[in-house]
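Heads up: the structure comes next, in structure tokens.
The values are calculated or read from the model by the stated rules, or taken from the named source; none is laboratory data. Just so you know, these numbers come straight off a predicted model, no measurement behind them. Positions of Cβ are backbone-derived with ideal geometry, glycine not excepted, and every protein chain shown enters the neighbour counts. With ligands, DNA and RNA removed, areas are computed over all heavy atoms of the protein, side chains included. Shrake-Rupley method; radii C 1.70, N 1.55, O 1.52, S 1.80 Å.
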Amino acid sequence: MNFGRVFNFGDFERDRWVATQARTLPAGSRVIDVGAGPCKYRSLFQHCVYTAQDFGGHRATHVGVIAEEWSYGAIDLVCDASAMPVADGSFDAVLCTEVLEHVPEPAKVVRELGRILRPGGRLMLTAPLGSGLHQEPDHYYGGFTPFWYERFLAEAGFENIVAQPNGGFFKHYGQESRRFSALIDPRRVPRSALPLVAPLWALTLPWFRVIVPLACDALDRLDSHRAFTVGYHVTASRAQSPEDS
């Protein structure tokens, strides 16, 4: 059993998807990772000319159930993602993962991704559909639907738009089951609540942390509609202009 696939499926499947995308890029491709943050994907693009971009202004907080535990990697281009100081068509591929919810004008950022990508170049994009607040206060939107991608990517000059859901309802439920257990962890609740919470947490720990996620992993194939996915993995290509044809 792959424990990451079951108990941390969102990150696991996203990382696997990015790795698959990276392997299909030709050696020497010019790739920009927009909103790279800790640059966790830099090693996947060693065969490419990799550029990391980020606005560089976020500071990790301790708001919520789990404190942030990342810091910036080596950012090559510090700037706003909606106005990058590079020429049109500078890159063969653009990677942008879990960023759109953190920018004030996501459609404007998408237009900028289209501008810096060469005609025929590939966009690799992910963003949540369902998530709690994170990276506060730099979190502005609750999620993006496949219809959002179809409309705004097309308006930004993209074609061949494919949005693949990252799991369905059951996997989403399994994720929130683990979150339920985390929220009643005796180490995270007021001392006055311990008499009620501690026995409940101990009693339900194997159920919410192990049994439900395992069952949900097995059941997820039954959800064909996938309207309650945690997010989408999106690919698109920059449309050729008439003069490029």
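A compact table of results
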read-out	value
Enumeration of residues in the range 210-240 that are in a loop (DSSP other than H, G, I, E, B), of a type in the set (Ser, Thr, Tyr) and open to solvent by less than 30 Å² (accessible area, probe 1.4 Å)	229
Of all residues making up the range 97-135, the number that are in a helix (DSSP H, G or I) and either without any contact (Cβ under 8 Å) to a residue 24 or more places away in the chain or in contact with a strand residue (DSSP E or B) (Cβ under 7 Å, 6 or more places away or on another chain) (or both)	5
Subset of the range 21-39 (residues that are within 15 Å of residue 73 (Cβ to Cβ), part of a loop (DSSP other than H, G, I, E, B) and in contact with a strand residue (DSSP E or B) (Cβ under 9 Å, 6 or more places away or on another chain))	35, 36, 37, 39
Whichever residue in the range 42-92 is among the hydroxyl-bearing types (Ser, Thr, Tyr), assigned to a loop (DSSP other than H, G, I, E, B) and open to solvent by less than 40 Å² (accessible area, probe 1.4 Å) and, among such residues, is modelled with the lowest pLDDT	61
Residues that are of a type in the set (A, V, I, L, M), open to solvent by 30 Å² or more (accessible area, probe 1.4 Å) and touching a residue at least 60 places away in the same chain (Cβ under 8 Å), drawn from the range 136-170	161, 162, 163
The range 8-30 residues that are closer than 15 Å to residue 96 by Cα and open to solvent by less than 60 Å² (accessible area, probe 1.4 Å), paired with ones that are modelled with pLDDT of 95 or more and assigned to a helix (DSSP H, G or I) (beta carbon under 8 Å, 6 or more apart)	18/44; 19/44; 22/44; 22/45
Within the range 136-154, tally of residues that are in a loop (DSSP other than H, G, I, E, B) and either hydroxyl-bearing (Ser, Thr, Tyr) or out of contact with any Pro (no Cβ under 9 Å at 6 or more places or on another chain) (or both)	7
Count of the range 189-199 residues which are surrounded by 14 or more Cβ atoms within 10 Å (Cβ to Cβ) and in a helix (DSSP H, G or I)	2
Some residue of the range 102-123 being crowded, with 19+ Cβ neighbours inside 10 Å, touching a helix residue (DSSP H, G or I) at 6+ places or on another chain (Cβ under 7 Å) and under 20 Å from residue 176 (Cα atoms)	no
Test: residue 174 is over 20 Å from residue 145 (Cβ atoms), surrounded by 15 or more Cβ atoms within 10 Å (Cβ to Cβ) and under 19 Å from the mean Cα position of the chain (by Cα)	yes
